[in-house]
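The values are calculated or read from the model by the stated rules, or taken from the named source; none is laboratory data. Just so you know, these numbers come straight off a predicted model, no measurement behind them. Cβ atoms come from the backbone with ideal geometry, glycine included; neighbour counts cover every protein chain shown.
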Amino acid sequence: MTIGHVVDGDWQELERSWADPSGWRRLTSSIDHKTIGRRYLITAFAFFLLGGVLAAVMRLQLARPGHPLVGPDLYNQIFTTHGTTMMFLFAVPVMQGLGIYFVPLMVGARSIAFPRLVAYSYWMFLFGGVFLYVSFLLNAGPDVGWFSYPPLAESLYSPSKRADVWAQLITFTEVASLAVAVSLITTAFKLRTPGMTLNRIPVFVWSQVVTSFMVIFAMPAVMLASTALILDRLVHTHFFDVEQAGDALLWQHLFWFFGHPEVYIIFIPGSGLVSTIVTTFSQRRMVGYLAVVLSLVSTAFMGFGLWVHHMFATGLPQLGESFFTAASMMIAIPTGIQIFCWIATMWSGRIRVQTPMLWILGFFGIFIAGGLTGVMLAAVPLNTQLHDTFFVVAHFHYVLIGGAVFPLFGAFYYWYPKIAGRPLGERLGRWVFGLLFTGFNLTFFPMHVLGLHGMPRRVYTYLPELGWGPLNVVASVGALLMAAGVVLFLVDVLALGSRATADAGANPWSAGTLEWATASPPPPGNFLHPPTAGGREPLWDNTPAQPVVTGLRTDIREVLVTHVLDAEPDHRQRFPDPSAWPLLTALATTALFVGSIFTPWAVVWGAIPVFVTLVGWFWPKSAGDAGTQPWPIRSRTLPRPGEAPAAGGVL
Amino acid sequence: MQSVLRPAGPQASSIHGLWLLMLWTSAVVFVVVVGGVLLALARGTRRGAGETPTTPDSSLHRGIVISTVATTVVLIALLTASVWAGRGVASQRAEAAVSIAVTGHQWWWEFEYEDALPSRRVLTANELHLPTGRPVVVKVTSRDVIHSFWVPNLQGKRDLIPGMTTAIWLQAAQTGRFRGQCAEFCGLQHAHMAFDVVVEPEGQFEHWLDQQRAPAASPADGLASRGLEIFTTQRCGRCHTIRGTDAAGQAAPDLTHMASRLSLAAGTLPNSAPHRRAFVSDPQATKPGTQMPSNPFTDQDLAALTAYLDTLQ
């Protein structure tokens, strides 16, 4: 049996069963993971552009000392909104968007688990982001930093609604990312195609699983903290206000217990992308797969033990601090292991330097520099000098842009043919890379030096006699180059819509994972007969004969649920149909969240529409085809690890 | 003037030493790892389409293990160096120490030189004087939001957290002028919350303390007397103190010897008569958001007020 978009009766029936509704109902009711994933990616990218515009304004303002372009009030809103956007509305959602689109495809599933929950999460993410930017345009943008430290964020020092907007945006994005995390974990654990045992899960899927677990453990800390802050501001609960025996430092512990794992929530999917692209473009199985996966897991664990290095300047006892120094330095080991495995894979592979791989090479140069300055910042004495200076600004942009944005651009070029059916321009791609790589280093490298020369973060201006002018000019010129690179990328993506280009084909890069086993773009339902996995790179391991799963119904939305460890078939599950209830529930939740920054009564009255929409969402269906069906197990011809796949084996 | 790279005391020097160690170690590691990537790239791209990789997995695994062990060894060495430097930076010499209580305000610094005799205490703002060679203990807290005390040439920063008092030690090895700046975001004028540090020989330092202990000079002429009258009867005295006069406000910097300071408005402007005049009449123009309101004085009143401030040496 072959794999491909064969147009026969079954395919048409499958597509009919899984298709989005047509017309405006497609907008309101789609629960297809590809539609939602695409929406997530486009929306997150739009927020990336908005955050980038804010960054450009900051660079213009700082280009010379005493520049009167923006005053302190607007500048504080701009840098707070920039940080908040990039963390909560771009970096986390864009990675989750890739997960929503590709995890089901990579594990050979017809759908993501809990598709309606994923639809709900998208609307919450969108409404949260719109809420932030509407507030910003109404001169109510948050202005106390993306970390929102009390007492500055308390009503005594921030009497307007700005700090509430920040705190409530957190609630929006946390709800959204928790919903996605649960869905991705369930997809990766229960919807894998037969044969994809735990030790054959693609590294990118592992990175999404590990990240999702981190989301589940980290996000509650910041939700708790931001809720306590809103309560302080709304009904004077005195969690953090010192005048009433609250504790200003408590906030910092809670916030950074989330805030540091957050960095890894952004970087771990990035490293999963690096593994994916390095493997494909070295045309070689990952060297040290087990070490890489265990590195991701141990990074996630250690990521929860470092938060105090954001608080070295607060004056905690020295012995206690040194434990966090040790942990902060040792987390470099698992990341180092991953880097060595990537080098070994390239060393022993056949490398094609095409655009996606170019971004990964850029990643190495930038991310390694960022990791090394991270080791410097882990040392308490050095940290007390560099903390809250432009050195730190340089450091985390090297880590996050190097570790997440460069792999992400690589992934755009890598997966764009799968999503759109057409490749992006190779020549233009090299220009985009060149501009962003040069612009990035020009912008952020001088900031290391500025920090060492005493320039603190979050200042809207500085005195000419401090001598920070020239390097700031260099940084601002670099920012312009970066902006030009992003514009060129947009031209590439948007112009392609009208330009007729060659069909990408199902597998343009000769990759080994299952998202390439279906047409580009994948049809509704993804796979008529889900391909099974005979190894870690099923498309390389199973050639020429690809065993597939048969016996799944195509006249209804049916997926195969498998066991967690060995992915053996368990049962067939009927999946839900498209529905507008997730959108209605998200609207009701939005009304509650936004209302509650004005009056506590919004929580009481706002709960009623949320309840009503949830009842609509979960209204019991009639029996019949719904629910769990036993899996008819006739034979098991699955290849075991190390065994040659049975030719044409059918389940 | 305000740089980590020009240490002027033992604490800053030992941090600077750690910085140099980290910088050179990182440079070597960067060259080695990026070199490895480029070497792998060169090998991998040379291989033809049909060629199968020849390196056995076992030797690749050995390479990964060796690199990991090397990474761990380097990290443990840096950790040791960091803890070692930390011990030096935090060590204390209590004898003959100068003790200064620092209180942060939005957006200025209150400095009190402590003394066992209350009458010998010195209260000032936005300018620190330190003697060379004597240890200094700085006890920090805040009256409103979180700030951070930072003189990069002398020592790392320490946050000023309301409800908490913590202490750091520093020492200046050479005379000179340095600049400190708030390093924790504290609101609208975080950018303009700096202070001057004057390091001088012991004798000059003691002389400065004596001079600061004295009450304000009485106005010498009619214009300055008129200025004092305006200061105490208009709203200035509600927030500012000038010792020896009726002005005793606590909400803003003590101005008893304000004309002796190097800069104005927490390191924002040079402390010259024209700047003082401009700042008193419209502080919001220079420092938008500052707690000090604009003051619509007449030109004559402003001249009198400035003349009086000039006498506060």
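Hey, does region A:463-473 have a residue that's at pLDDT below 90 and either more than 24 Å from A:VAL278 (Cβ to Cβ) or part of a helix (DSSP H, G or I) (or both)?
For region A:463-473, residues at pLDDT below 90 and either more than 24 Å from A:VAL278 (Cβ to Cβ) or part of a helix (DSSP H, G or I) (or both): absent.
Does region A:557-564 include one or more residues that are surrounded by fewer than 16 Cβ atoms within 10 Å (Cβ to Cβ) and either within 21 Å of A:ARG200 (Cα to Cα) or of a type in the set (Asp, Glu) (or both)?
Scanning region A:557-564, I find at least one residue that is surrounded by fewer than 16 Cβ atoms within 10 Å (Cβ to Cβ) and either within 21 Å of A:ARG200 (Cα to Cα) or of a type in the set (Asp, Glu) (or both), so the answer is yes.
Has region A:516-528 got at least one residue that is more than 17 Å from A:GLU15 (Cα to Cα), under 27 Å from the mean Cα position of the chain (by Cα) and of a type outside the set (Ser, Thr, Tyr)?
Yes - at least one qualifying residue is present in region A:516-528.
Go through the residues of region B:265-272 one by one and say whether even a single one is more than 21 Å from B:LEU188 (Cβ to Cβ), of a type in the set (S, T, N, Q) and crowded, with 18+ Cβ neighbours inside 10 Å.
Looking for residues that are more than 21 Å from B:LEU188 (Cβ to Cβ), of a type in the set (S, T, N, Q) and crowded, with 18+ Cβ neighbours inside 10 Å, one finds at least one in region B:265-272, hence yes.
For region A:52-85, how many residues meet the condition of being in contact (Cβ under 8 Å) with a residue 60 or more places away in the chain and either of a type in the set (A, V, I, L, M) or part of a loop (DSSP other than H, G, I, E, B) (or both)?
12
Based on this model, can you work out whether A:GLY336 counts as of a type outside the set (A, V, I, L, M, F, W, C) and under 17 Å from A:ALA511 (Cα atoms)?
It is false that A:GLY336 is of a type outside the set (A, V, I, L, M, F, W, C) and under 17 Å from A:ALA511 (Cα atoms).
Taking region A:312-332 only, how many residues are facing another protein chain (nearest Cβ under 9 Å) and in contact (Cβ under 8 Å) with a residue 24 or more places away in the chain?
10
Within region A:251-270, identify whether any single residue is surrounded by fewer than 24 Cβ atoms within 10 Å (Cβ to Cβ), within 14 Å of another protein chain (Cβ to nearest Cβ) and modelled with pLDDT under 95, and answer yes or no.
No, because not a single residue in region A:251-270 is surrounded by fewer than 24 Cβ atoms within 10 Å (Cβ to Cβ), within 14 Å of another protein chain (Cβ to nearest Cβ) and modelled with pLDDT under 95.
Considering only region A:442-462, how many residues are in a helix (DSSP H, G or I) and within 13 Å of chain B (Cβ to nearest Cβ)?
Total meeting the criteria: 6.
If only one of A:ALA504, A:ALA533, A:ALA586 is in contact with a helix residue (DSSP H, G or I) (Cβ under 6 Å, 6 or more places away or on another chain), modelled with pLDDT of 95 or more and not acidic (Asp, Glu), which one is it?
A:ALA586
Given the conditions (1) touching a Phe, Trp or Tyr at 6+ places or on another chain (Cβ under 9 Å); (2) crowded, with 24+ Cβ neighbours inside 10 Å; (3) under 26 Å from A:SER295 (Cα atoms); (4) hydrophobic (A, V, I, L, M, F, W, C), which single one is not true for A:MET219?
The single condition A:MET219 does not satisfy is (2).
Take the residues in region B:283-313 that are small (Gly, Ala, Ser) and outside any loop (DSSP other than H, G, I, E, B), then tell me which one is surrounded by the fewest Cβ atoms within 10 Å (Cβ to Cβ).
So the residue we want is B:ALA285.
If the requirement is being assigned by TED's automatic domain parsing to the domain that holds B:VAL151, touching a residue at least 60 places away in the same chain (Cβ under 8 Å) and in contact with a helix residue (DSSP H, G or I) (Cβ under 8 Å, 6 or more places away or on another chain), which of these qualifies: B:GLU184, B:GLU200?
B:GLU200
Residue by residue through region A:187-207, note down the ones that are in a helix (DSSP H, G or I) and either aromatic (Phe, Trp, Tyr) or closer than 25 Å to A:ARG116 by Cα (or both).
Residues satisfying the conditions are A:THR187, A:ALA188, A:PHE189, A:LYS190, A:PHE204, A:VAL205, A:TRP206, A:SER207.
Listed residues B:GLY36, B:GLY44, B:GLY63, B:GLY48; which is facing chain A (nearest Cβ under 9 Å), farther than 26 Å from A:LEU450 by Cα and not in a helix (DSSP H, G or I)?
After applying the criteria, what remains is B:GLY48.
Considering only region B:167-208, state which residues are out of contact with any strand residue (DSSP E or B) (no Cβ under 7 Å at 6 or more places or on another chain) and either at pLDDT below 95 or away from chain A (no Cβ under 11 Å) (or both).
The answer is B:GLY203, B:GLN204, B:GLU206, B:HIS207.
Does A:ILE78 satisfy the criteria of being of a type in the set (A, V, I, L, M) and buried (at least 18 other Cβ atoms within 10 Å of the Cβ)?
When the stated conditions are applied, A:ILE78 passes them.
Would you check which residues across region A:556-572 are in a strand (DSSP E or B) and touching a Lys or Arg at 6+ places or on another chain (Cβ under 9 Å) and list them?
A:GLU558, A:VAL559, A:LEU560, A:VAL561, A:THR562, A:PRO569, A:ASP570, A:ARG572
Mind listing just one residue for me: the one in region A:273-311 that is within 19 Å of A:ILE360 (Cβ to Cβ) and aromatic (Phe, Trp, Tyr) and, of those, nearest to the other protein chains (Cβ to nearest Cβ)?
For region A:273-311, the residue satisfying everything is A:PHE281.
Answer yes if at least one residue in region B:269-282 is part of a loop (DSSP other than H, G, I, E, B), of a type outside the set (A, V, I, L, M) and under 25 Å from B:GLU112 (Cα atoms), and no otherwise.
Within region B:269-282, one or more residues are part of a loop (DSSP other than H, G, I, E, B), of a type outside the set (A, V, I, L, M) and under 25 Å from B:GLU112 (Cα atoms).
Are any of the residues in region B:254-268 at pLDDT 95 or above and assigned to a strand (DSSP E or B)?
Checking region B:254-268: at least one residue is at pLDDT 95 or above and assigned to a strand (DSSP E or B).
May I ask you to list the residues in region A:338-354 that are buried (at least 22 other Cβ atoms within 10 Å of the Cβ) and either at the interface with chain B (Cβ under 7 Å from one of its Cβ atoms) or at pLDDT below 95 (or both)?
Residues satisfying the conditions are A:ILE339, A:PHE340, A:CYS341, A:ILE343, A:ALA344, A:MET346, A:TRP347, A:SER348, A:GLY349, A:ILE351.
Check off (1) closer than 22 Å to A:PHE88 by Cα; (2) surrounded by fewer than 24 Cβ atoms within 10 Å (Cβ to Cβ); (3) out of contact with any Phe, Trp or Tyr (no Cβ under 8 Å at 6 or more places or on another chain) for A:ALA326 and give me the number that stays unchecked.
Only one criterion is unmet by A:ALA326, namely (1).
Any residue that is within 14 Å of chain B (Cβ to nearest Cβ) and not in a loop (DSSP other than H, G, I, E, B) - is there at least one of those in region A:403-426?
Yes: one or more hits.
Select, from A:THR532, A:THR550, the only residue that is in contact with a strand residue (DSSP E or B) (Cβ under 7 Å, 6 or more places away or on another chain), surrounded by fewer than 20 Cβ atoms within 10 Å (Cβ to Cβ) and in contact (Cβ under 8 Å) with a residue 24 or more places away in the chain.
Within the list A:THR532, A:THR550, the selection yields A:THR550.
Name the residues in region A:386-417 that are touching a residue at least 60 places away in the same chain (Cβ under 8 Å) and more than 16 Å from the chain's Cα centre (by Cα), would you?
A:LEU386, A:HIS387, A:ASP388, A:THR389, A:PHE390, A:PHE391, A:VAL392, A:VAL393, A:PHE396, A:TYR414, A:TYR416, A:PRO417
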